[in-house]
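What follows is calculated from the coordinates using simple rules that are stated; it is not laboratory data. These numbers were taken from a predicted model, which means no experiment stands behind them. FYI the Cβ positions are ideal-geometry reconstructions off the backbone, even for glycines, and counts take in every protein chain you see.
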Amino acid sequence: MDKKMASLPVPNDLLAEIFLRLPTPADLLRASAACVSFRRVAAGRSFVRRFRKLHAPPLLGFHDGNQTFYPAVPPHPSAPAARAATLVADFSFLPARARAWVVQDSRDGRILLDNTDTDEAAFTEVVVCDPLHRLYLLLPSIPHDLASSMEDPLPLQPLQRHFWCETFLVPQGDDDDAEGTAFRVIWMAQCKTKLFTFVFSSSDGRWRDIPFPCWKDLFPRCPPSEVALFGFRQYSYGYFYWRRGCYGETDMLVFDTRRMEFSVAETPPEAKYSFGEAIAMVEAGENRLGMFMFSAGALSYSIRENDRGSLSRWTQEKETIPLGPGHFLIGSTGRYLLIYKFRSSLHASGFYTLDVKTFQLEKMCDAMVYVYHKLRAYSNFPASLLSLPTISCGFWQG
């Protein structure tokens, strides 16, 4: 071979295409350490954004409502990244009344908290933060003209607000800003006659309402009440799903994050007699929805093609996956089902993940928790060249 040809440098655009095809973020970090030119390509912001779209960030652990973080530990593959995150990520940088901030949601490296130090029954102070980069955005109050449009709230006490009123993050979509710092927040209240929903956009700092559907149009036979509310929020492929904790319930409330509208969908027949916390939805790949149901110590698994959120026809993919008693489904992140195993001792209790493709069960860490339905999975790239801020620091004046 001609020595001159052998020594020709690889163009940066070709290097970027090669690096995008590396299977894991750890492989990219090793490649970037080979030489200065490799690191220059791997550290470029445009390349990092492209790589992050193709490679999901690792699951680092779980936050509970009291700001306690349960990181992955060895031999879990996310353990090194989780340990790096715990060294820099906490909530000490939040504004005053930090002890009153309660974790309500976590998504795309952001965490949403609200302030419980209030007697307000519905509207609370909300902050969205990036704990890895120690940035936060204090959201403005919902304007009076929007807030006053809420009618017939359920007769529940302020301490019960999260049963009928919730605030959560909308997953980042392909059409969001190139920098990856824009986000949306949804405030939703289940009232006696209607479902009231407001959406905040960090792009302009404004709250907007969306059409308020009437319960009689969505669920004419059995509208929600203070004893039969929709909860157990799940997410998959651009849709949020809620289910009531009622025995024999077959319908779910669905919210399309692209069209910003509500609809109704049916669960698989075998889910009819499973309570809300015994069901979890996952992304099964190829735009297919998956639903796990836990009953009698075992998991069953059904899949459905995603036809604009319609879930009327399901196919049972896996009849049973034996787990034993004392397991609770706490949600999902991408292709992983999240499970909490409760036992009487700390070392026997802990968090697990189940890979939807391989059905491999993997332990993340030991933990003893009692309010497992308030746990929020936290995924992010560790503090490295792949870690970018997910919000712009600031305070929106209401």
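For this structure, a couple of remarks:
- The order of the peptides 14-25, 72-83 by mean Cβ neighbours within 10 Å, most packed first, is 72-83, 14-25.
- Entries in K318/K374; K53/K194; K341/K374; K272/K318; K318/K341 that, when Cα-Cα distance is taken, lie over 25 Å: K318/K374; K53/K194
- Stretch gain in nm, segment A298-T358, where the contour uses 0.36 nm per residue and the Cα spacing is subtracted: 19.9 nm
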